[in-house]
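Comments concern the structure below.
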Amino acid sequence: MNRIILAYANANTELAQSIDNQLSRIGIPFEHIPSAVGNVAEAITAAGEPVLLLVTDNLLRERSCVKGLLDTLKSMPSSTAFLPVLADGIDALGQPVETKIDRMVNMLHYMNHWQNAWMELSSSHQAASPEERAALEPELNDTRNIANQMSDLIVLLRDQNAVTLAEFEANDFALFFKKFDLNDWHGQYKRLVTQSIEQQSVTEPVHLPVTPLSSGILALEPVEEPLSKVVDTNPVQEEIEVPVKPLEPEPTLVPEMDAAAEIIATAAPVDQIELTIRDAQFWIDRGHVERGVELLKIAAEEYPDDVRIAAAYRNVVPTTEPKAEIETLVIESHPVAVSNAPTTENDINSYELMGDVAFEKGDYLFSKYCWDRVVELNPGHPGIYRKLGLMTAEHLHDHLDTAILYLKQALEANAKDKEVQAALKNLHPLPPEPMVKAVVPLELLVESIVAPEPPARPAVSPGTVLITGATAGIGRATAEIFARNGYRLILTGRRVKRLVALKKQLEEAYQSETLILPFDVRDGGAVQAALNNLPASFQDIDILVNNAGLAKGFSSIHEGSLEHWEAMIDTNVKGLLYVTRCISPGMVARRKGHIINLGSSAGKEVYPKGNVYCATKFAVDALTKAIRLDLHAHNIRVSQVSPGHVEETEFAITRFDGDAERAKIYEDFQPLKSSDVAEVIYFMATRPAYVNIQDVQLFGTQQASNMVIDRSGR
C-alpha cells in the first residue's frame, strides 16, 4: 500500500489533520483530498487508492463533495478498501452540527436541501437571459443529479458499513488497522501510545488529548485496560509497573442537549427512544404538530411503561385546529420553540419531486410518504390525489382502501378522468348484498360477483419472448398479453422491485413462466452478462421486443442538455443494438425468430424541440430496415411499431424530468393506450411464419400527425 486517500469537506480540515497527525506517527502515509482541490469524486477516482472518507454535514451539503460521488463509489473495485466515517460537521460559527444518516427523517434532511437548491436554481434559470442560462446550465444539471441521487448515496454509505467517529477511534483505531489490512502496524501504534502515556505519568496526571468538538479535532479514546498497570509489550524488557493517576478528562464542549436527550428511559432501548422523540420533534419544529404527536402516541403504545416517552407525550398538547399557532411546547419542563413559519411552495414542490423520483426508482412506499406530505401541506395541490390514487392502486396492494379514497378525491377535481374512473371501478368493493338491488340486471350481477378464471395455460408454450423495458407502459402491457396467451417470458428493466412484482402478478394471473433480468440496456457489459448466461429453458428466444426507450427534455437544439442527449442515444439506439447483437445469432443458428422494434411517429416526422429524440427514432427506423435486409435470408422476421401519442406510460413524466404539470399533455384529447400498442405487437408476432408485417404506424383518432391534433376534448 503506497498511501491512503483521506477525503473530506474543506470545513473539516482540522479533523482530517488530527487523524493524520495521530496515525502518521508510525509512518502511515495519507494523501489529503479536501473539497478545495475541486471535485472530490474525480480526485478519488484518479488516485485509485484505499479511501478513508469523512462523512459530515458539510460534505453532504457541498456540491464539489457529492457531485459524482455515488457513481465513483459504485464503480470502486471490491478489492479497494473503503471506510466512511460519520463525524460532526461545523457550522459557520464553528459550532458542531450532528451528522446522522441512520433513519429516513435524517435522509430527508439532505434530500430536501438539494431539492430546494435545485428549485431555486431552476427559478433563476427561467428568469435569466439566454447567456446567463447557458452559464447556469451545468450547475443546474449537477444540482438536479445530486438531488435525485442523494437518497441512493446515503443508502450506499450505510451499506458500506459507515462507522461513527467514536467507533473509528475505539481500541486505538483497531477498526482502521483491520479495514486497511494494517494489523501488523496496530501493535506498533499501541506501543507508541503506551509509551506516550508512560512518559506523561512520571510527572503529571495522564490526559489523552481532548479538544472541543467545535474545532472538529479528533479526540483519542482512553485505553480500555486499567491504566494503573501499563505493560510494555517489548519481550526483551521486564514487565514495568508505572503508577498512573486516575484519568480526569478535560471538559468537552458539546451542544446543549435537547429535551429528548434529558429524559431518562426505563423500559426500552435508549437509542430507539431518542430517535423516536427526535423524529417527533422534527415534525413539531416544522409546524406539523399532529404528525409529531402521532409518532409519540405510537411510541407510547409500544413502550407504555417508559417514563421518557410517557413524559414527552403528556407534555405535548396539540391544538384541535390544525393551522392554529402554538407558541411553545413543553417536554419535561424544557421549552421547545415551535416554528410558526408558513408553509412555502418550495416545501410542497420539494416533497412532490422527491415522490416523483422515488416512483421512478420503484420505491412506492416512500413515494406515497412524500406525496402524502404534499396533501398534508396543501390538499388542493393540482393532480396530487390522482398521482396517489393511481400509484397506490397499482403498486401498494396493502393500501387499497386508501387508494379508493384518493381516487374519489381525484374524481372530485376531474369527474371525466377515464383512467381514474377505471382504476376506481377495479378497486371498489361490491355491495354486501347485491341481489337485493333488483334494478341491476341479473347477468350483470353474476358477472360482477363471479370473477372470470384466468385462461388455462397451454400444455406447450407457443414460444419464448424477450421484452426490454418491461417495468412500465407499453413493455408491461406487452408482457401481459403474451403471458395471457401462454408464452414463456424474459423481462428486463432497471427497476428490480417492479420486475419482481410483475413476475409475481403474471405467474399468479396466468401461470406464466417468467424470468426477470434486472439491467440497464445502456450498459453493454451488463447486457452481455445477462443474455449470454440464460438458463437452458430460456435460451431459444423466438420473439425479441426491443421496447426500452425514452425521451428526455423538450428544448431547442441550442438549449439542449448533453446529458439528455446521451441518455436518449444510449438507450434508444445503442441499447437496441446491444440486445439485438446478443439475441440475433441464436435466431440465425435456428433459422427462426422475430425481432420487433418500438419505433415512433417521431421516427417518421420531426417536430419542434424534438430534435435528438426524433433522431434516435429515425435511427430505429433505419436500423429496422437494415437489420431486415441482413437477416431475411436467415428466415428472420424484422418489424417495427411506430405509435403516436400513448397514455398509460411514463413517456411524458420522464421527458419533463418529473414535472407533473408539464406532463399533462393528454387531457384535452384521447390518445392511444399502452394496451392498444401491445395488441398490435402481439398481432404482428402471431401471424403465420411466412407473413412479416414490416411496419405499423398508429395514432389515436384525434391525432392526424405529430403536429395535427384535435384538442377539443376527449
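Any read-out appearing in this document is the output of simple, stated calculations on the displayed coordinates, not a laboratory observation. Please read these numbers as outputs of a predicted model, since none were measured by experiment. Here the Cβ is made from the backbone with ideal geometry for all residues, glycine too, and neighbour counts use every protein chain on show.
See the values below:
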| item | result |
| --- | --- |
| Amide H contacts under 5 Å for I516, placed H, 5+ residues apart | L491 |
| Extended-chain gain in nm, criterion 0.36 nm per residue less alpha-carbon gap, E507 and T164 | 119.0 nm |
| Residues in segment 106-133 reached by a label modelled at H558 [backbone nitrogen below 20 Å; 7 Å Cα→Cβ] | 125-133 |
| Taking L424, L466 and counting other C-beta atoms within 10 Å, the order from fewest to most | L424, L466 |
| Protection proxy ranking, peptides 159-167, 73-81, average beta carbon neighbours within 10 Å, highest first | 159-167, 73-81 |
| Fewest-first sequence of T99, T701 by Cβ atoms within 10 Å of each Cβ | T701, T99 |
| Protection proxy ranking of 126-133, 369-376 - average other beta-carbon atoms within 10 Å, highest first | 369-376, 126-133 |
| Backbone HN-Hα couplings from phi across segment 29-45 [Karplus 6.51/-1.76/1.60, Hz, Gly and Pro as x] | x, 10, 10, 7, 10, x, 5, 5, 6, x, 6, 5, 4, 5, 5, 5, 4 |
| For peptides 536-549, 176-189, sequence by mean Cβ density within 10 Å, most packed first | 536-549, 176-189 |
| For segment 474-487, Karplus couplings with θ = phi - 60° (6.51, -1.76, 1.60), whole Hz, Gly/Pro x | 5, x, 5, 5, 5, 4, 5, 5, 6, 5, 4, 9, x, 6 |
| Under 5 Å, built H, 5+ apart or other chain: amide partners of I595 | L544, R637, V638, S639 |
| Electrostatic dipole magnitude of segment 561-714 [Cβ: Lys, Arg +1; Asp, Glu -1; Cα centre; debye, to 20] | 860 debye |
| Cut-off under 5 Å, modelled amide H: who pairs with E31 long-range | I4, I5, L6 |
| Across K368/K574; K368/K673; K552/K625; K179/K497; K425/K504, pairs whose alpha-carbon gap is larger than 27 Å | K368/K574; K179/K497 |
| Inter-label distance for D71 and E661, nm, one decimal - labels placed 7 Å from Cα along Cα-to-Cβ | 3.1 nm |
| Y690 paired with L629, simple spin-label distance in nm, labels 7 Å along Cα-to-beta-carbon | 2.6 nm |
| Residue-span extension gain [V155 to A174] - 0.36 nm each, minus C-alpha spacing | 4.4 nm |
| Backbone HN-Hα couplings from phi across segment 63-71 [Karplus 6.51/-1.76/1.60, Hz, Gly and Pro as x] | 4, 5, 8, 9, 5, x, 5, 4, 5 |
| Relative contact order computed over segment 464-698 (Cα-Cα under 8 Å; 6+ residues apart), in percent | 20 percent |
| Charge dipole of segment 464-529 about the Cα centre (unit charges at C-beta), most positive-ward option of S512, N485, G525 | G525 |
| S675-T80 FRET efficiency (beta carbon distance; Förster radius 51 Å; 0.05 resolution) | 0.60 |
| Cα-projected label distance for A589 with I26, points at 7 Å along beta-carbon direction, nm | 5.7 nm |
| Residue order, fewest to most beta carbons within 10 Å, for D57, D356, D523 | D523, D356, D57 |
